[in-house]
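These notes concern the structure reproduced below.
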Amino acid sequence: MELRPDQFQRQVETQPLARCYLLAGDEPLQVLEAADALRAAARRRGFDEREVLHAEPGFDWGQLASAGASLSLFSEKRLLELHLTDKGPGKPGSAAISDYAKNAPDSTLLLILATPLAASARKSAWYKAISKAGVAMYAWPLPGSRMAQWVEQRARSNGLTLDRDAVALLAEQTEGNLLAAAQEIDRLALLHPNESIGAAEIEAAASDHSRFGIFDLPAKALAGDSASALKTLAKLRAEGVDAVPITWALVREIRMLYQAALAARANRLDAMLGKIFMPPARKRQLGEAATRADPAMLAELLRRAARLDQVNKGAAVGRAWDELVTLTLGLAGQPPRASCLVSNRFQ
């Protein structure tokens, strides 16, 4: 079966566990939280051992069948996690996953974690095999119309009461970035326990909150102010902000600019901007940048971002902050280079 993220946690808590799960999507927070919910449910049901496989290039797909068939040394039940790269499983992996799904043992629970999948992957044989044998959940980006509802529900679950203006302001500030919104809600819950929060408290929290620079960074880069954007990036690193949310903020902006640049070249920019939920000033900034941007360069930045995602996960060797400099400069209009000329400021 296929489930939405808002259905998933209730399903794993109240229904018998399936033998196979696929969690993927464009929204990392929902994928991560769904995986955590499944792991917790599996532990409660006696799946006490966990084995993790990373399907990197050159991965031996025979390991999947072997892991499913082998007996656990320490537990009668085992959770087997398979982490896919952004390229998906490929033909050998598709066949291996399909075969596993058809013969999945009761004593092993398979959890497949994937990055955003192309439409062709979501129609593939392996995807359908997992959906048929178990559960597939795909986390789509929340449209602007649902962002405020998500913020309000998230705040309520953290014991916060936000008035309508506070909900709207926080939704606007985080602009569809659920990870950033969740972090801000967690922080507000610590600052204002058992209080009703209005727009003034949201603004005050943002004004002295170093991580607000995560939202300020892509805006400065999009405006072409590379020097100011790099200063913001350096400040974020000095303050100990993790590279992961910064990556997602930059990637979200680069992806949106790429789509807008393509729309501009097809004379569809106004129609495209009309479907986006964001303040008018931000729309104007995005539209102006789209008319200047080179789609080919932005596509290369997105490929670099996919590599950076692997570095952030520890699945590839690299220097995350150097790559963040490259993404920042690229968003500001400077072509990506093989080596970052300003990386020495992050030594």
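The values are calculated or read from the model by the stated rules, or taken from the named source; none is laboratory data. Note that the coordinates shown come from a computational prediction; the quantities given were computed from them, not determined experimentally. Reconstructed Cβ throughout: ideal geometry from the backbone, glycine too, with neighbour counts over all protein chains shown. Heavy atoms of the whole protein, side chains included, go into the accessibility calculation; ligands, DNA and RNA do not. Shrake-Rupley method; radii C 1.70, N 1.55, O 1.52, S 1.80 Å.
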Filtered residues of the range 24-44 (kept if surrounded by fewer than 13 Cβ atoms within 10 Å (Cβ to Cβ) and in contact with a strand residue (DSSP E or B) (Cβ under 8 Å, 6 or more places away or on another chain)): none
message: Could you list, ordered by first residue, the pairs with Cβ atoms under 6 Å in which the first is in the range 159-180 and open to solvent by 30 Å² or more (accessible area, probe 1.4 Å) and the second is at pLDDT below 80 and among the β-branched types (Val, Ile, Thr), at least 6 apart or interchain?
response: 169/202
query: Do we find that residue 332 is out of contact with any His (no Cβ under 6 Å at 6 or more places or on another chain), open to solvent by less than 20 Å² (accessible area, probe 1.4 Å), under 17 Å from residue 219 (Cβ atoms) and modelled with pLDDT of 90 or more in this structure?
result: no
The one condition in (1) farther than 23 Å from residue 117 by Cβ; (2) touching a strand residue (DSSP E or B) at 6+ places or on another chain (Cβ under 9 Å); (3) hydroxyl-bearing (Ser, Thr, Tyr) that residue 21 fails to fulfil: (1)
- request: Test residue 12 against the stated conditions and say whether it is in a helix (DSSP H, G or I), of a type outside the set (Phe, Trp, Tyr) and in contact with a Ser or Thr (Cβ under 9 Å, 6 or more places away or on another chain).
  value: no
Selected residue (criterion: modelled with the lowest pLDDT) from residues of the range 39-57 that are aliphatic (A, V, I, L, M) and within 23 Å of the chain's Cα centre (by Cα): 55
statement: Going through the range 204-235 in order, the residues found to be open to solvent by less than 40 Å² (accessible area, probe 1.4 Å), in contact with a Leu (Cβ under 9 Å, 6 or more places away or on another chain) and at pLDDT below 85 are 205, 206, 213, 214
task: Being buried (at least 20 other Cβ atoms within 10 Å of the Cβ) and either without any contact (Cβ under 8 Å) to a residue 12 or more places away in the chain or under 20 Å from residue 53 (Cβ atoms) (or both) is the filter here, so list the residues in the range 134-156 that pass it.
output: 134, 135, 136, 137
message: Here are the criteria: (1) more than 18 Å from the chain's Cα centre (by Cα); (2) open to solvent by 20 Å² or more (accessible area, probe 1.4 Å); (3) at pLDDT 80 or above. Tell me which single one residue 105 does not satisfy.
response: (3)
field: residue 115, sole failed condition from (1) over 19 Å from residue 23 (Cα atoms); (2) open to solvent by less than 50 Å² (accessible area, probe 1.4 Å); (3) out of contact with any strand residue (DSSP E or B) (no Cβ under 6 Å at 6 or more places or on another chain)
entry: (1)
query: Just checking, which of 306, 299, 281, 290 is at pLDDT 90 or above and closer than 30 Å to residue 148 by Cα?
result: 290
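Residue by residue, here is whether (1) within 27 Å of residue 96 (Cβ to Cβ); (2) more than 17 Å from the chain's Cα centre (by Cα) holds:
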residue: 121; (1), (2): yes, yes
residue: 125; (1), (2): yes, yes
residue: 129; (1), (2): yes, yes
residue: 132; (1), (2): yes, yes
residue: 135; (1), (2): yes, yes
residue: 138; (1), (2): yes, no
residue: 158; (1), (2): no, yes
residue: 162; (1), (2): no, yes
residue: 167; (1), (2): no, yes
Near pairs, Cβ below 9 angstrom, 6+ apart or cross-chain, from the range 5-25 (closer than 11 Å to residue 138 by Cα) to any residue that is open to solvent by 40 Å² or more (accessible area, probe 1.4 Å) and assigned to a loop (DSSP other than H, G, I, E, B): 5/140; 24/116; 25/116; 25/140; 25/141
- prompt: Is it the case that residue 67 is open to solvent by less than 10 Å² (accessible area, probe 1.4 Å), touching a Ser or Thr at 6+ places or on another chain (Cβ under 8 Å) and at pLDDT below 85?
  reply: yes
